[in-house]
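Quick notes on the structure that follows.
The values are calculated or read from the model by the stated rules, or taken from the named source; none is laboratory data. Nothing here was measured: the structure is a model prediction, and the numbers come from that model. Virtual Cβ from ideal backbone geometry, glycine too; neighbours counted across all protein chains shown.
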Amino acid sequence: MKKILLFSFLLTFTCFNANSQTEEAQFGAWYMYFWNTDFNESKFGLQGDFQYRDHEIIGDFQQFIARAGVSYNPNSNLKLVLGYGHFTSGTLGESTETSAENRIFQDVNLPHKITEKILVNHRLRLEERWIENQDFRTRYRYLIGLTIPLNKPVITKNSLYLSLSNEVFINGQKNIGDDRMVEYFDRNWLYGALGYTILDNLKLQLGLMKQSTNNTSKNQLQISLHHSF
């Protein structure tokens, strides 16, 4: 299992290094709220998130996301999700023009512990995308993430922890309509954060993400609240 984990990190970091730029990145910010709940003793649940993304720290609207899904946990090492999201995207600079996207997604999560303290999760995501003024598109995503407790053996109230992840995005099509083309490689997200457990069901994370495409590289401040109920 450790060999699989190492291979996964090497694969995603290789993609990241091959496609990122060395020039100074612009700095932006994302503010996020994630929630999830289970249906009593059922293996089914609900989850979702709201996100506000800004081209700067605040003041230049980039994107608003509202997303929700139904989850199914057949066992502790597998979680399946089917969901829908609506995205409103702005334009960099003074323009107030926006565009809309509707998206359906399917997730396969494979969480497991590699030590008594370290939790690793592999997530495979398929997206079906209806973007304003574009043809129907699909996209494939692979994320590997680590959660590492710092001051306690497990994450409970008043715990500090590290959250580390890398995610690769691959487009399913190059032609997006009207003779416009994109690359199969879409982007890479490299993320690291310090988390604090306010309550057993409420966590706060402060992190930094480096987003890279074939042509650009950008750093994002990320503040996220994670709520289970």
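Does T88 satisfy the criteria of being modelled with pLDDT of 95 or more, among the β-branched types (V, I, T) and closer than 22 Å to K218 by Cα?
Values: modelled with pLDDT of 95 or more: yes; among the β-branched types (V, I, T): yes; closer than 22 Å to K218 by Cα: yes.
Here the answer is yes, as T88 does meet what is asked.
Considering only region 120-145, how many residues are crowded, with 18+ Cβ neighbours inside 10 Å and of a type in the set (A, V, I, L, M, F, W, C)?
3
Read through the list (1) modelled with pLDDT of 95 or more; (2) surrounded by fewer than 18 Cβ atoms within 10 Å (Cβ to Cβ); (3) not aromatic (F, W, Y), then give the number of the only condition that S71 fails.
Single failed check for S71: (2).
Of the residues N219, N175, which is surrounded by fewer than 18 Cβ atoms within 10 Å (Cβ to Cβ), under 21 Å from F105 (Cα atoms) and polar (S, T, N, Q)?
Values: N219 fails: under 21 Å from F105 (Cα atoms).
The unique qualifying residue is N175.
Among the residues of region 48-81, what is the count of those that are under 30 Å from T91 (Cβ atoms) and touching a strand residue (DSSP E or B) at 6+ places or on another chain (Cβ under 9 Å)? Reasoning before the result, please.
From region 48-81, those under 30 Å from T91 (Cβ atoms) are 48-69; that's our starting set.
Add one more test, that the residue is touching a strand residue (DSSP E or B) at 6+ places or on another chain (Cβ under 9 Å), and what stays is 48-58, 60-69.
The qualifying residues number 21.
Checking N133 against (1) in contact with an Asp or Glu (Cβ under 9 Å, 6 or more places away or on another chain); (2) at negative phi; (3) of a type outside the set (S, T, Y), which test does it fail?
(2)
On the given criteria, is E128 in a loop (DSSP other than H, G, I, E, B), free of Cβ contacts under 8 Å to residues at least 40 places away in the same chain, over 27 Å from F27 (Cβ atoms) and among the acidic types (D, E)?
Numbers: in a loop (DSSP other than H, G, I, E, B): no; free of Cβ contacts under 8 Å to residues at least 40 places away in the same chain: yes; over 27 Å from F27 (Cβ atoms): yes; among the acidic types (D, E): yes.
For E128, the condition - in a loop (DSSP other than H, G, I, E, B), free of Cβ contacts under 8 Å to residues at least 40 places away in the same chain, over 27 Å from F27 (Cβ atoms) and among the acidic types (D, E) - is not met.
Please go through region 34-48 and give me each residue that is farther than 12 Å from Q222 by Cβ and either acidic (D, E) or part of a strand (DSSP E or B) (or both), ordered by number.
Within region 34-48, the first condition is being farther than 12 Å from Q222 by Cβ, and the residues that meet it are 35-48.
Passing the criteria: W35, N36, T37, D38, E41, F44, G45, L46, Q47, G48.
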